[in-house]
Amino acid sequence: MPHWRADWGHAHTRESLMRTILQPALALALALGFTACAHTTTGHGVTDPSAPRALETQGPVTVEWDDPAGFTEIRTSANRYEASRGNWVEELAEHLRDGIQARIGEGERVHVRITDIDRAGDFEMRHGPQMDHVRIMRDIHWPRMSLEFEHVDAAGNRVDGGSRDLSDPSYLSSQLHLPRSDELRYEKAMIDRWLQREFGPVR
């Protein structure tokens, strides 16, 4: 009996010690888990009714876009949930606006309406649930964008405008000046090449 009590006391001490060590670790793990969940569930996707449909007016270039639910990127995606996540429409609109502003003259104004976007790559469900959220880049899924714009000079006279269809079928072999960490680098590079053709070099 004393031997049993000694073992129990030792085991009890060890159990208390383990509890002391594990409880803070468990609390930290739970906190990190809640943080991760909060990070993944906050915000809205591009098709959310509360998501913006235009950039706030800041300067001479304004950009708006149609409902992304009708964009090719969403309609034809093998994983519409993943395709609609994030704020990639707004980010591309900002890149477009900043690129135009850097190229037009003083007093000139440009309005852009994005009517369709199809991002580079696609999701392939055939790889199973472990990979169905991974965007696979293949040469058959190049980036595309359709837009309408109007460019006027300082006097309000129309300089140019109309509909444009942007695309980059050779995007996988094109030279990129954007970091690999930028998930929209292929789309932004396509936009930059169009801006160079349409508006000329940065001033």
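How many residues does segment 112-136 contain that are of a type outside the set (D, E, K, R) and without any contact (Cβ under 8 Å) to a residue 12 or more places away in the chain?
Here the count works out to 6.
Is it the case that Phe123 is in contact with a His (Cβ under 9 Å, 6 or more places away or on another chain) and more than 17 Å from Phe149 (Cβ to Cβ)?
yes
I need the full set of residues from segment 159-203 which are touching a helix residue (DSSP H, G or I) at 6+ places or on another chain (Cβ under 9 Å), free of Cβ contacts under 8 Å to residues at least 60 places away in the same chain and of a type in the set (D, E, K, R), in order please.
Scanning segment 159-203 gives Asp160, Arg164, Asp168, Asp182, Glu198.
In this structure, is Ala102 surrounded by 15 or more Cβ atoms within 10 Å (Cβ to Cβ), under 18 Å from Met190 (Cβ atoms) and of a type in the set (Gly, Ala, Ser)?
Spelling it out, it is not the case that Ala102 is surrounded by 15 or more Cβ atoms within 10 Å (Cβ to Cβ), under 18 Å from Met190 (Cβ atoms) and of a type in the set (Gly, Ala, Ser).
Would you confirm whether any residue within segment 139-158 is surrounded by fewer than 13 Cβ atoms within 10 Å (Cβ to Cβ), in contact with a Leu (Cβ under 8 Å, 6 or more places away or on another chain), in contact (Cβ under 8 Å) with a residue 12 or more places away in the chain and assigned to a loop (DSSP other than H, G, I, E, B)?
Looking for residues that are surrounded by fewer than 13 Cβ atoms within 10 Å (Cβ to Cβ), in contact with a Leu (Cβ under 8 Å, 6 or more places away or on another chain), in contact (Cβ under 8 Å) with a residue 12 or more places away in the chain and assigned to a loop (DSSP other than H, G, I, E, B), one finds at least one in segment 139-158, hence yes.
Report yes if Pro68 is of a type outside the set (A, V, I, L, M) and not assigned by TED's automatic domain parsing to the domain that holds Val159, otherwise no.
no
Any chance segment 124-136 includes a residue that's modelled with pLDDT of 95 or more, in contact with a strand residue (DSSP E or B) (Cβ under 7 Å, 6 or more places away or on another chain) and either buried (at least 18 other Cβ atoms within 10 Å of the Cβ) or not in a loop (DSSP other than H, G, I, E, B) (or both)?
No, the conditions are met nowhere in segment 124-136.
Looking only at segment 159-203, filter to residues that are of a type in the set (Lys, Arg) and touching a strand residue (DSSP E or B) at 6+ places or on another chain (Cβ under 9 Å); which one of those is surrounded by the fewest Cβ atoms within 10 Å (Cβ to Cβ)?
For segment 159-203, the residue satisfying everything is Arg193.
The values are calculated or read from the model by the stated rules, or taken from the named source; none is laboratory data. Bear in mind that the values here come from a model prediction, so they are computed numbers and not experimental data. We place every Cβ from the backbone using ideal geometry, glycine too, and count neighbours over all the protein chains shown.
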